[in-house]
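Accompanying notes for the structure given below.
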Amino acid sequence: MAGIVVRPRSRILHGHDWVYASEILKVFGEPKDGDVVSLKDPKDRLLGSAIYNSRSQIVARRFSRQRQPLEADFFGRRLAQAIAYRRETLKLDSKALRLVWSESDGLPGIIVDSYGDVLVLQTLTLAMDRAKTLIVEALVSLLAPRSIVERNDGTGRLAEGLEEVTGVLHGALPGEIEVEIAGLQFRIDPLAGQKTGFYLDQVASYSAVARHAAGRRVLDCFSNSGPFALACAKAGAAQVVAVDSSESAIAAGRRNEARNGLVDRVEWRVANVFDYLSGEEKRGTQWDLIVLDPPSFTKSKGGADGAMRGYKDLHVRALSMLRTGGRLATFTCSHHVGDAAFREMLGEATLDAKRAVRIVETYRQSPDHPVLLWMPETEYLRGYLLEVMPGR
Ligand code: SAH
């Protein structure tokens, strides 16, 4: 089998599963992009099997510590393990769930989201994209879904030389699906919504934040189809405003509001959050609870400085508009923004806003997005609930 010998001190020798181009000592046996290769250390010891793509910055992604071809048995086993982890270890019984999350489930590039009996597949690496038929067959035999669709329209595929494609892989065109998330009904179109239909990584945070909403004036920034806003309205918020720049997301939010019998409880605004906040600040509006769940402002390490300035500006505004005792639920979803950097930015924002805050709660990505101890990239979503302290 063709393979790669890695340089001393490569991250894969320290537990990580990726090999970057700069970490390659030697490529032997002329592997082709999309092949399975053997990984060896400089002393010729086997490190495992990996998928290979010379076009990507990450040339090899290890998926097994043994010799292992990508065959039907392998997919059946790994997918069953991923499903068992959610059901048995985490005891998750939600119908909306990330069933498979790439490296964190030993399947680099494969993402499977389940919305009841409809599965949404993404194959973001060349080797896994080629194995799509095997993956679909394994999912059908394990879960007997009504439909499997592919949402292979993320920009991530471009780095692997893959085209963007969406469509049905198994069963009939699913149409819209109704699922319950955080005690609310949402209608999801798996072929049209942002991401695969829903931000499943935030599911655990909706109810947690909504526990602080009763009787309060709540502003949900970057609301998308409104899960934070609606959870807060349902929990008895006195007033809720939801702001998102996407017209279709806000339209979906209005429909979700009606579906949950929350008539006229949320004021929906199609607006740029930065403009909205500065307008409200000038008017002297005050809030009791503000949610900031912005998109990842940076996809690269180099962009992190610019992202931090953007985040900080947002936080200064939000903190200034909170009344004493008010709370800010704030999230970052870029693994390039580590916990220390996020907290430092929050600290600077409180200084500029002249507010003293304490940390009431911390949030993480939902547990169906598992974190690998040796792979910091898998831990990407962090959040804090801050309270503006009285008398300071
Ligand atoms: N809180 C949402 C997810 C937010 S994702 C949920 O849990 O479902 C980020 C959202 O920010 C997207 O819906 C996107 O449309 C919106 N967005 C991006 N830039 C924006 C801006 N400058 N102003 C307002 N909304 C923006």
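Assorted remarks:
- Members of the stretch 162-218 that are within 27 Å of residue 129 (Cβ to Cβ) and among the hydroxyl-bearing types (Ser, Thr, Tyr): 166, 196, 199
- Considering residues of the stretch 169-197 that are without any contact (Cβ under 8 Å) to a residue 24 or more places away in the chain and open to solvent by less than 60 Å² (accessible area, probe 1.4 Å) only, the residue farthest from the ligand (Cβ to nearest atom): 175
- Selection within the stretch 329-368 - farther than 17 Å from residue 307 by Cα and among the β-branched types (Val, Ile, Thr): 350, 357, 359, 360, 362
- Sole residue being buried (at least 20 other Cβ atoms within 10 Å of the Cβ) and of a type in the set (A, V, I, L, M, F, W, C), chosen from 340, 318: 318
- Per the conditions (1) open to solvent by less than 50 Å² (accessible area, probe 1.4 Å); (2) within 30 Å of residue 106 (Cβ to Cβ), the sole criterion not satisfied by residue 311 is (2).
- If you filter the stretch 29-43 down to residues that are charged (D, E, K, R) and touching a residue at least 60 places away in the same chain (Cβ under 8 Å), you find that the one that is surrounded by the fewest Cβ atoms within 10 Å (Cβ to Cβ) is 33.
- Flag for residue 87 being at pLDDT 95 or above and farther than 26 Å from residue 69 by Cα: yes
- Residues of the stretch 235-256 that turn out to be surrounded by 19 or more Cβ atoms within 10 Å (Cβ to Cβ) and within 14 Å of the ligand (Cβ to nearest atom), as a count: 10
- Just so you know, in the stretch 198-229 the residues that are of a type in the set (Gly, Ala, Ser), surrounded by fewer than 24 Cβ atoms within 10 Å (Cβ to Cβ) and over 21 Å from residue 369 (Cβ atoms) include one that is farthest from the ligand (Cβ to nearest atom), and it is 215.
- Restricting the first member to the stretch 264-284 and to residues that are away from the ligand (no atom under 13 Å from the Cβ), and the second to residues that are charged (D, E, K, R) and open to solvent by 50 Å² or more (accessible area, probe 1.4 Å), the beta-carbon pairs closer than 6 Å and six or more apart or on different chains are 281/317.
- When residue 70 is tested against (1) more than 19 Å from residue 150 (Cβ to Cβ); (2) crowded, with 16+ Cβ neighbours inside 10 Å; (3) not hydroxyl-bearing (Ser, Thr, Tyr), exactly one condition is not met: (1).
- Test: residue in the stretch 273-283 that is within 30 Å of residue 112 (Cα to Cα) and at pLDDT below 95: no
- Test for residue 351: is it without any contact (Cβ under 8 Å) to a residue 12 or more places away in the chain, farther than 25 Å from residue 218 by Cβ and either touching a strand residue (DSSP E or B) at 6+ places or on another chain (Cβ under 7 Å) or of a type in the set (A, V, I, L, M, F, W, C) (or both): yes
The values are calculated or read from the model by the stated rules, or taken from the named source; none is laboratory data. All values derive from a computational prediction rather than experimental measurement. Virtual Cβ from ideal backbone geometry, glycine too; neighbours counted across all protein chains shown. All accessible areas refer to the heavy atoms of the entire protein, side chains included, with ligands and DNA or RNA removed. Shrake-Rupley method; radii C 1.70, N 1.55, O 1.52, S 1.80 Å.
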